[in-house]
Amino acid sequence: MKICAVELRSNEAVICLLSQSNGMFDLPDCRTQKFVMQDSLDNVQMKDFQFAFKKLLQDYQVDRVVIRTRETRGKFAGSAVGFKLEAAIQLIDGIEVDFITSSEIKQKLKRNPLSIDFRATGLRQFQEAAFTTGYAYLSK
């Protein structure tokens, strides 16, 4: 199973592709690490984001998208743009979208700790939350 793990923050969708087979994790190379929205009120830009995201999922033959949930209010609340990006991803035809909470991620990482230091993955530092989201999701 190949997944695209997503962390949404302010006007960005940070992604990390992961797959697992026979208990081994693989981090395939990806042409992009994040999508950035400049103007959340621009319908054309939102459609372009959705098209580009769908194309990435098709090109890399992704089976499922996993999104780290965010708070709806309070100090760590997600932004309005972030929720629009989430909706755009959910509305992509033919793709399954799951959500995982920060507490679920912590529990799964406690039961199945990372066997490799994040810096050794070759990913960018800003992708760490997306990576742990995908790792926790695949660690069933």
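When you look at Q107, is it modelled with pLDDT of 95 or more and farther than 22 Å from P28 by Cα, yes or no?
Numbers: modelled with pLDDT of 95 or more: yes; farther than 22 Å from P28 by Cα: yes.
Spelling it out, Q107 is indeed modelled with pLDDT of 95 or more and farther than 22 Å from P28 by Cα.
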Residue pairs within 8 Å by beta carbon, gap of at least six or interchain, first lying in segment 114-126 and outside any helix (DSSP H, G or I), second among the aliphatic types (A, V, I, L, M), listed first then second, are G122/L27; L123/L27
Within segment 1-25, take every residue that is of a type in the set (G, A, S) and modelled with pLDDT under 90 and give me the one that is nearest to the chain's Cα centre (by Cα).
S10
Of all residues making up segment 1-22, the number that are surrounded by fewer than 24 Cβ atoms within 10 Å (Cβ to Cβ), over 13 Å from L85 (Cβ atoms) and not aliphatic (A, V, I, L, M)
5
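When you look at V36, is it more than 26 Å from A120 (Cβ to Cβ) and buried (at least 17 other Cβ atoms within 10 Å of the Cβ), yes or no? Full working, then the answer.
Numbers: more than 26 Å from A120 (Cβ to Cβ): yes; buried (at least 17 other Cβ atoms within 10 Å of the Cβ): no.
Judged against the criteria, V36 is not a match.
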Being aromatic (F, W, Y) and farther than 15 Å from I15 by Cβ is the filter; apply it to segment 55-98 and report the residue that is surrounded by the most Cβ atoms within 10 Å (Cβ to Cβ).
F83
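Per-residue answers, yes or no, for (1) out of contact with any helix residue (DSSP H, G or I) (no Cβ under 6 Å at 6 or more places or on another chain); (2) acidic (D, E):
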residue	(1), (2)
R9	yes, no
V14	no, no
S21	yes, no
C30	yes, no
N43	yes, no
D48	yes, yes
Can you find a residue in segment 47-57 that is more than 20 Å from F126 (Cβ to Cβ) and at pLDDT below 85?
no
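Of all residues in segment 28-62, count the ones that are basic (K, R) and part of a strand (DSSP E or B). Spell out how you get there, then give the answer.
We begin by selecting, within segment 28-62, every residue basic (K, R); these are 31, 34, 47, 54-55.
When the remaining residues are screened for being part of a strand (DSSP E or B), the result is 34.
Residues in segment 28-62 being basic (K, R) and part of a strand (DSSP E or B): 1 in total.
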For V65, the lone unmet condition from (1) under 21 Å from Q125 (Cα atoms); (2) touching a residue at least 40 places away in the same chain (Cβ under 8 Å); (3) part of a loop (DSSP other than H, G, I, E, B) is (3)
Tally time: how many residues in segment 26-44 are modelled with pLDDT of 90 or more and either touching a strand residue (DSSP E or B) at 6+ places or on another chain (Cβ under 9 Å) or not charged (D, E, K, R) (or both)?
10
Residue under question is V81, and the condition is that it be touching a residue at least 60 places away in the same chain (Cβ under 8 Å) and under 19 Å from M37 (Cα atoms); does it hold?
yes
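The values are calculated or read from the model by the stated rules, or taken from the named source; none is laboratory data. This is a predicted model, so every value here is computed, not measured. Here the Cβ is made from the backbone with ideal geometry for all residues, glycine too, and neighbour counts use every protein chain on show.
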